[in-house]
Structure formats: structure tokens, C-alpha cells
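The values are calculated or read from the model by the stated rules, or taken from the named source; none is laboratory data. This one's a predicted model, so the numbers in the text were calculated from it and none came from an experiment. Here the Cβ is made from the backbone with ideal geometry for all residues, glycine too, and neighbour counts use every protein chain on show.
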Amino acid sequence: MGNKPVGRKAIFFDRDGTLNVDKNYLYKVGDFEWLGDAPKAIRWANEHDYLVIVVTNQSGVARGYFTEEDVRSLHAWMNEDLARFGAHIDAFYYCPHLPAGNVAAYAKECDCRKPKPGLIERACADFHIDRKASLLIGDKPRDVACAEAAGVRGICYEGGSLASLRPSGVIRRGPAPRVPPDAVAGSRVSAAPSRSSCLRPSDTAAAAGGWRNGKSAMSPSRQ
């Protein structure tokens, strides 16, 4: 009998308010600002064999503020900019829906708008992710609820240095030591897919060890 395939480990990141400054319905490159040392945290994950996957609600599409192409263009730019730090995001998963949206095609209930787990479910299927070895970091309770519904550990990020956070080497609940990311030579730009969450073929996001500064916290919700 063959050995059972081992799934890949992943760190899922919320986007607005976790990786970048949360500005109302952000879609323009000129308005984008990385939050603190988020690129270093992404690089650390890359270097330690974690898939880096962004899972984000983008209801501005349903509201008519911007298009899916705008979302995909911003995500492509994020990876281009991350190359300056020797980092990359492996995939982006986003939900364009809102039941009360102004654009009929997106004004509906779905299974992908966080806190529902559809984004993570799709990513886990696409990348054969080991949920027990993976975690999600987001700045809102709905991010944690999404993770838990998908069987992934959720950490509510309350600010501070993302780069000072790291999973421990073993799966446990306690805090991990504060270890900065290692230096990396060279850079890589990933042709990361940016996928909406209708779960169409053309569309397109772990709970390893503890993370410091991760707690449940109430935050404003716009997306």
C-alpha cells in the first residue's frame, strides 16, 4: 500500500486591514499602502514552505464601485511590488457578491462571502491543503469565523508587526517565539491566480502553531 499523500501547509491572509491599510473600497494602485512589514511576513512564509493565499471580500464589485478586472489588476500589482522584497503571494481568492448590491449579477447570496467558508474551501481543494497544518490571519471576527467554519485555525490580528509573528515548529496552541524573517537573495514574481468565488471553472484562498498578538477583536466592517 502506498503512503497517503501529505497535504500542503498554508497561511491565509485577509487583505484590507491585515496586509494593507484599509481604505474604503480600495482598488487603485495609487491608494495602496502595505501595512507595516507585511511584505516581510509574506517572505517569511515563502521561505518556510507555506503557501501564501489571500482571501478577501470585495463587495465594491457588487456595489458598482469597481469591476472584477480592477480587483485582479490590483492583485497582480501586489505581487509585482512584493518582488522588491523577495516575496510572493501564491493565490488570491475574492468574493465579489453582496445580497443588497447594485449590480444584479453580483447581488445574491453566496457561500464565499466571509464569514462563510467558501473561499478557503476552494483553496484547500485547489492546492490540496492540510487544514490542520494551516492558519488564517485577519483583522475582523468574520475572518476567524470563516477559518473555523473551514476547519482552519483563525487568528484575529490586532495590529503591530506581522513579521514578528511565526507559527511554531509543531502544531500547538501556545505562543511562538518572536523571530524576524530571514534575509533572502533574489526575488520571485508569482503568476498567482486571482479568483472570484462563484466557484466557476474560470474563477479562483493554515492551524499550525500559535501566533503572538492574535486575539479576537471587534473591528469596523465595510467589505
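Evaluate segment 5-25: report whether one residue or more is in contact with a Leu (Cβ under 7 Å, 6 or more places away or on another chain), modelled with pLDDT of 95 or more, loosely packed, with under 15 Cβ neighbours inside 10 Å and within 26 Å of Val144 (Cβ to Cβ).
There is at least one residue in segment 5-25 that is in contact with a Leu (Cβ under 7 Å, 6 or more places away or on another chain), modelled with pLDDT of 95 or more, loosely packed, with under 15 Cβ neighbours inside 10 Å and within 26 Å of Val144 (Cβ to Cβ).
Looking at segment 23-45, which of its residues are outside any helix (DSSP H, G or I), of a type outside the set (Phe, Trp, Tyr) and farther than 22 Å from Val152 by Cβ?
Those that are outside any helix (DSSP H, G or I), of a type outside the set (Phe, Trp, Tyr) and farther than 22 Å from Val152 by Cβ: Lys23, Asn24, Leu26, Lys28, Glu33, Gly36, Asp37.
Please find, within segment 129-147, the residue that is surrounded by the fewest Cβ atoms within 10 Å (Cβ to Cβ) out of those that are out of contact with any Lys or Arg (no Cβ under 6 Å at 6 or more places or on another chain) and farther than 22 Å from Trp34 by Cβ.
Lys132
Taking Ala150 as meeting all but one of (1) out of contact with any Ser or Thr (no Cβ under 6 Å at 6 or more places or on another chain); (2) modelled with pLDDT under 95; (3) surrounded by 15 or more Cβ atoms within 10 Å (Cβ to Cβ), write down the number of the exception.
Of the numbered conditions (1) out of contact with any Ser or Thr (no Cβ under 6 Å at 6 or more places or on another chain); (2) modelled with pLDDT under 95; (3) surrounded by 15 or more Cβ atoms within 10 Å (Cβ to Cβ), the odd one out for Ala150 is (2).
Could you grab me the full set of residues in segment 108-144 that are under 26 Å from Gly160 (Cα atoms), among the small types (Gly, Ala, Ser) and under 13 Å from the mean Cα position of the chain (by Cα)?
Those that are under 26 Å from Gly160 (Cα atoms), among the small types (Gly, Ala, Ser) and under 13 Å from the mean Cα position of the chain (by Cα): Ser134, Gly138.
Taking segment 102-114, which residues are over 20 Å from Val55 (Cα atoms) and of a type outside the set (Val, Ile, Thr)?
Asn102, Ala104, Ala105
Closer than 15 Å to Asp81 by Cβ, surrounded by fewer than 19 Cβ atoms within 10 Å (Cβ to Cβ) and at pLDDT 95 or above: does that describe Asp49?
no
Whether any residue in segment 41-54 is among the aliphatic types (A, V, I, L, M) and in contact with a Pro (Cβ under 8 Å, 6 or more places away or on another chain) is what I want to check.
yes
Got a sec? Which of Phe66, Phe127 is of a type in the set (A, V, I, L, M, F, W, C) and in contact with a helix residue (DSSP H, G or I) (Cβ under 6 Å, 6 or more places away or on another chain)?
Sole residue among the options that is of a type in the set (A, V, I, L, M, F, W, C) and in contact with a helix residue (DSSP H, G or I) (Cβ under 6 Å, 6 or more places away or on another chain): Phe66.
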